[in-house]
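*Asks:* Before I ask anything, let me first share the structure, which is written out below as structure tokens.
The values are calculated or read from the model by the stated rules, or taken from the named source; none is laboratory data. In this text the structure is predicted, and so the values were computed from the model without any measurement. Backbone-built Cβ (ideal geometry, glycine too); neighbour counts: all protein chains shown. These area figures cover heavy atoms from the full protein model, side chains too; ligands, DNA and RNA do not enter into them. Shrake-Rupley method; radii C 1.70, N 1.55, O 1.52, S 1.80 Å.
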Amino acid sequence: MIFTIILKKLRTSFTDLLPIILVIAFFQIVVLRQPLPQMGEVIFGALLVVAGLTLFVQGLEMGLFPIGETMAHALAKKGSLFWLLCFAFALGFSTTVAEPALIAVAAEAAEIASKGGLIDSAQESIDQYAFGLRMSVAFSVGLAILIGVMRIIRGWPIHYLIIGGYVVVMLMTIIAPKEIIGIAYDAGGVTTSTITVPLVAALGVGLASTIRGRSPLVDGFGLIAFASLLPMIFVMGYGLIIF
């Protein structure tokens, strides 16, 4: 029984990755007309990706989703708005600090800024720039999740908040240094990745399921949109200070 379940999950992960495999194979064979370099390593790496994706999805189902929903239920039933908002901010901040994609992008941005003469080339300056970038994004995501939780509690229409937020993004784009605009726009995407999304989505669904008059389908989703919106504003603000 266990072996059958494992095979089924591996097959599902392989099916999810199959379009990527077909695209690469098509361009390599039909367009480039060259064999893949180091074919053995490529195949072995693909198998590791399938296994890793399977374990990752299983971990989400067993761990992160239940944790987010359970804590949202418990804090909502406790009836303390203060602790609920503290948890929302801390969850957004901590998951973003640990986000691998953000760590990689911040480090790359710091290296390029150093080579471009925007910051000092000393390693300490590079590390400080990358750290400041990560903290700006993490704080903005924490604040975004806090606002999203308030929206669920108060029943605010999500489209007004999203439209208003993107108006601010456009206005910030006008005054922000051009060197930070691209990084800011990318920051909105890299924050909503492997660690942040499962916990934040589970928090929203769990909270909307607990509060009377709220629908998990209508009110439970939308937190991720705030988590990708506010980092753009805060990173451009960080650029105004640094540059």
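*Asks:* Which trypsin sites (Lys or Arg not before Pro) in the range 6-99 pass both tests, a DSSP loop state and at most 16 other beta-carbon atoms within 10 Å? Intermediate results must be reported in sequence, preceding the final value.
*Replies:* Working: sites: LYS8, LYS9, ARG11, ARG33, LYS77, LYS78; in loops: ARG33.
Within the range 6-99, the qualifying trypsin sites (Lys or Arg not before Pro) (loop, at most 16 other Cβ atoms within 10 Å) are ARG33.
*Asks:* Return the carbon/sulfur percentage of the accessible area of the chain, one whole number, probe 1.4 Å, all protein chains in place. Provide the component values of the computation, followed by the final result.
*Replies:* Details: 9950 of 13690 Å².
C and S atoms contribute 73 percent here.
*Asks:* For semi-axes √(5λ) of the Cα gyration tensor in Å, pick the label among (i) 33, 25, 19; (ii) 39, 25, 17; (iii) 33, 30, 16 that corresponds to the value derived from the coordinates.
*Replies:* Step by step, semi-axes √(5λ) of the Cα gyration tensor in Å for this structure corresponds to label (iii).
*Asks:* Right, another one. Determine the relative contact order of the range 52-151: mean sequence separation of Cα pairs under 8 Å and six or more apart, normalised by residue count, in whole percent. The partial results should precede the final answer.
*Replies:* Values: 64 pairs, mean separation 34.7, N = 100.
Taking the mean separation of contacting Cα pairs over the length of the range 52-151, I get 35 percent.
*Asks:* Please list, in order along the range 147-159, the HN-Hα scalar couplings obtained from phi with the Karplus expression 6.51 cos²θ - 1.76 cosθ + 1.60 (θ = phi - 60°), rounded to whole Hz, x for Gly and Pro.
*Replies:* For the range 147-159, the Karplus-derived couplings read 5, x, 5, 4, 4, 5, 5, 8, x, 5, x, 5, 5 Hz, x marking Gly and Pro.
*Asks:* Tell me, in nm to one decimal, what length is gained between LEU81 and LEU7 on full extension, where the rule is 0.36 nm per residue of separation less the Cα-Cα distance?
*Replies:* Working: separation 74, 0.36 × 74 = 26.64 nm, distance 4.46 nm.
Taking 0.36 nm per residue and subtracting the Cα distance, the gain is 22.2 nm.
*Asks:* Now for a separate question. May I ask you to list the lysines whose Cα is less than 24 Å away from that of LYS178, ignoring any residue fewer than eight positions away on the same chain?
*Replies:* LYS115
*Asks:* With all protein chains present and a 1.4 Å probe, how do TYR185, TYR238, TYR160 order by accessible area, largest first?
*Replies:* Working: TYR185 90, TYR238 30, TYR160 150 Å².
Putting TYR185, TYR238, TYR160 in descending order of accessible area: TYR160, TYR185, TYR238.
*Asks:* To continue, here is another question. Extending each Cα 7 Å along its Cβ direction at VAL30 and GLU61, get the distance between those two points in nm, one decimal.
*Replies:* Inter-label distance under the simple model: 3.4 nm.
*Asks:* Considering Cα pairs under 8 angstrom that are at least six residues apart, work out the relative contact order of the range 88-243 and quote it in whole percent. Can you show the working numbers first?
*Replies:* Numbers: 211 pairs, mean separation 52.5, N = 156.
Reported as a whole number, the value is 34 percent.
*Asks:* Return one whole number: the accessible area per residue of the chain in Å², for a 1.4 Å probe.
*Replies:* Values: 13690 Å² over 243 residues.
For the chain, the solvent-accessible area averages 56 Å² per residue.
*Asks:* By the gyration tensor of its Cα atoms, with a ≥ b ≥ c the square roots of the eigenvalues, what is the shape of the range 1-131: rounded for a/c under 1.5, prolate for a/b over b/c, or oblate? Don't skip to the end; give the middle numbers.
*Replies:* Values: a/c = 3.37, a/b = 1.14, b/c = 2.95.
Oblate.
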